[in-house]
Amino acid sequence: MRAIYLTGFMGAGKTTVGRRLGEVLGVPVIDTDTYIEQQTGKTIAQIFSEEGEETFRAYEREILRQLPTEHVIVTTGGGIVIQEENRQFMRAHGIVIYLHCELHELFRRLADDATRPLIMKNKQEQIKKLFEQRLPWYKEAHMTIDTTNRTVDDIVQSIVFMLKTPHF
């Protein structure tokens, strides 16, 4: 099985869906943000504040290439798609699944989240701006699954069904 890369905006459900999908498919799940934190000994917020977003994006690029490309689910940070080389790498080495979530639901899910460095001020305005910037890149995925108002099991069932189709 080729690697499955879950992409999507922060709050779309990548980590939660990835964990459950890993259980169902019986494969390990690697979260790129968690992996970066383990490798650097810093939180994502610390990396952003101490080293800047550019350094964080370099870490993202590097670790993406270090991860296995078979029999694994990789849950990505929401901004991994902003670098074209990351999008090309994921498409070439696995199946990219964009977990879409409507803005109103993202606002709700992220309302009390203080862990995301890119949306600390003017939260809804920042979410909308980043979402709209990244949307064309997310849509380059092999498949799109809407997570808005759906249960994790329903989403996972949809992914498993789509993975069984002949072109995957």
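The values are calculated or read from the model by the stated rules, or taken from the named source; none is laboratory data. Note that the structure is predicted; figures quoted are calculated from it, not measured. For neighbour counting, all protein chains shown are included, and Cβ atoms are generated from backbone atoms with ideal geometry for every residue, glycine included.
Data for the structure
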| item | result |
| --- | --- |
| Options ILE36, ILE95: the member that is touching a His at 6+ places or on another chain (Cβ under 9 Å), at pLDDT 95 or above and either surrounded by 15 or more Cβ atoms within 10 Å (Cβ to Cβ) or part of a helix (DSSP H, G or I) (or both) | ILE95 |
| Enumeration of residues in region 23-33 that are at pLDDT 95 or above, part of a helix (DSSP H, G or I) and within 15 Å of the chain's Cα centre (by Cα) | THR32 |
| Within region 68-83, considering residues that are assigned to a loop (DSSP other than H, G, I, E, B) and farther than 25 Å from VAL24 by Cα, the one farthest from the chain's Cα centre (by Cα) | GLN83 |
| Failed criterion for GLN126 (all others in (1) assigned to a helix (DSSP H, G or I); (2) at pLDDT 85 or above hold) | (2) |
| Within region 149-160, tally of residues that are in contact with a Leu (Cβ under 9 Å, 6 or more places away or on another chain) and surrounded by 16 or more Cβ atoms within 10 Å (Cβ to Cβ) | 3 |
| Any hit, region 39-52, residues being of a type outside the set (Val, Ile, Thr), assigned to a helix (DSSP H, G or I) and more than 26 Å from ILE127 (Cα to Cα) | yes |
| Count of region 98-110 residues which are touching a residue at least 12 places away in the same chain (Cβ under 8 Å) and part of a helix (DSSP H, G or I) | 6 |
| Leading residue by the ranking (nearest to THR148 (Cα to Cα)) among those in region 1-22 that are β-branched (Val, Ile, Thr) and not in a helix (DSSP H, G or I) | THR7 |
